[in-house]
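I have placed the structure first, in the form of structure tokens, so that the comments after it can refer back to it.
A short reminder: the numbers here are calculations on the coordinates, not readings from a lab. All of these numbers come straight from a predicted model, not from anything done at the bench. We place every Cβ from the backbone using ideal geometry, glycine too, and count neighbours over all the protein chains shown.
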Amino acid sequence: PSRSPELNPVENVWQFLRGNWLSNRVFDTYDDIVDAACDAWRRLVAQPEIITSIGMRARAHIGQS
């Protein structure tokens, strides 16, 4: 199902990108959307500690040791 971070962990990544770099913006063209998404992705990749923290959310590790 869409937007089910418990079943699809990449939803946590998209939530982070939307919440930090992609929300509350209006885009004039499709290329502007692609450019903004690529810029947000590059910012995230440049911060590996953020990627680790997204993956370490408590609900992502339920039942695992």
Original post:
So what are the ³J(HN,Hα) numbers for region 9-22, from phi and the Karplus equation (6.51, -1.76, 1.60; θ = phi - 60°), rounded to whole Hz, Gly and Pro as x?
Top reply: x, 5, 4, 5, 5, 4, 4, 5, 4, 5, x, 10, 9, 10
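Using the crude model of +1 on Lys and Arg Cβ and -1 on Asp and Glu Cβ, and no other charge, please compute the dipole size for region 10-61 relative to its Cα centre, in debye to 20.
360 debye
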Original post:
Based on the mean of other beta carbon atoms within 10 Å per residue, what is the order of 31-37, 11-17, most packed first?
Top reply: 11-17, 31-37
